[in-house]
Amino acid sequence: MRNSLFSTVLLVLTLTMSSFVNAAESLKEDNQHIRTWNKFARDCLKLHKALTSGKHLKHETEVGGYAHQKNFYIEHRYLDHGRLISKVQWEKDNPETLHTIEVYLYDKKGRVKRDYAAAFLPYYHNAPVQTLVSFHHYNGDLHAFRSFDASGYRVLERCTGKAPGGEEVNLILDEDELAEDPDNIIGTKEYNLCFAGLKQEKLGKYIIPQ
């Protein structure tokens, strides 16, 4: 599922202090980016509250952190009959400061149809360093998703599973590959099986988590 990939991206970003500084400094120079991404994070939190407040959900908590920032956050997971509705991390020493948030919406078959995520770097809370809105599509045993950031840029496409003939499919295209397609993946049979039914070409109204 995409949430594990999101966590991997965040972990890579948090491995070195230089990553913290470079990301934070770049964000300081773009006020529109800061406003847009901070609003997106707040809207993710609003959606989380709408989906969980007053509901009979399983609530799990865990303290976590990083190699040089152990016990940095308290993670809250909200589950409905085993389905993850949202995962929210708050800084342990600043319990009203959001660290990361992920929110999931499901179709009638219990499959993720859309999800939202935002993450701040430890100790730098000027704006999220990562935002994602992902749209999911299923074709038999194939599961594909297309991700945008909160600025509306398509940043990732991923597809895994088995094609109708039984062949294993494992496609991943990052932002640069989507722009240039150096391996000519877009337009292949496998790509079309994965994404032909995924109509969301732009972020559109989903810039507001819903």
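The values are calculated or read from the model by the stated rules, or taken from the named source; none is laboratory data. Remember, predicted model here, so these are calculated numbers, not experimental data. Methodologically, a virtual Cβ is constructed for each residue, glycine included, from the backbone with ideal geometry; neighbour enumeration extends over all protein chains shown. Surface areas here come from the heavy atoms of the whole protein model, side chains and all, with no ligands, DNA or RNA. Shrake-Rupley method; radii C 1.70, N 1.55, O 1.52, S 1.80 Å.
Results, tabulated for the structure shown:
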quantity	calculated
Cα gyration tensor category, rounded, prolate or oblate, for segment 99-210 with a/c compared to 1.5	prolate
Tilt relative to the chain, helix 2-13 - C-alpha long axis, 0 to 90 degrees, to 10	50
Probe 1.4 Å - accessible area at Asp93, Å² to nearest ten	130
FRET efficiency estimate (nearest 0.05) - Cβ-Cβ, Val63 to Asn126, R0 41 angstrom	0.95
Summed side-chain charge close to Leu79 - residues other than Leu79 whose Cβ falls under 11 Å, Lys, Arg +1, Asp, Glu -1	+3
Structure-derived volume of the Cα convex hull per residue in Å³: which label, when the choices are (i) 129; (ii) 140; (iii) 100	(ii)
Whole-number accessible area per residue in Å² for the chain, which is evaluated in the context of all protein chains at 1.4 Å	54
Angle between the chain longest axis and helix 31-52 axis [Cα atoms, degrees, rounded to 10]	80
Computed label-point distance, nm, for sites Arg111 and Glu190 using a 7 Å Cα→Cβ extension	1.9
Between 0 and 90°, nearest 10: helix 17-28 axis offset from the chain longest Cα axis	90
Helical contribution to [θ] at 222 nm, DSSP H n ≥ 4, -39,500 (n - 2.57), averaged over the chain, rounded to 500	-8500 deg cm²/dmol
Sulfur and carbon atoms: percent of accessible area, the chain [1.4 Å]	50
Additional length obtainable on full extension of the chain from Ile208 to Lys39, 0.36 nm per residue less Cα span	60.0 nm
Whether segment 26-104 is rounded, prolate or oblate, judged on the alpha carbon gyration tensor where a/c under 1.5 counts as rounded	oblate
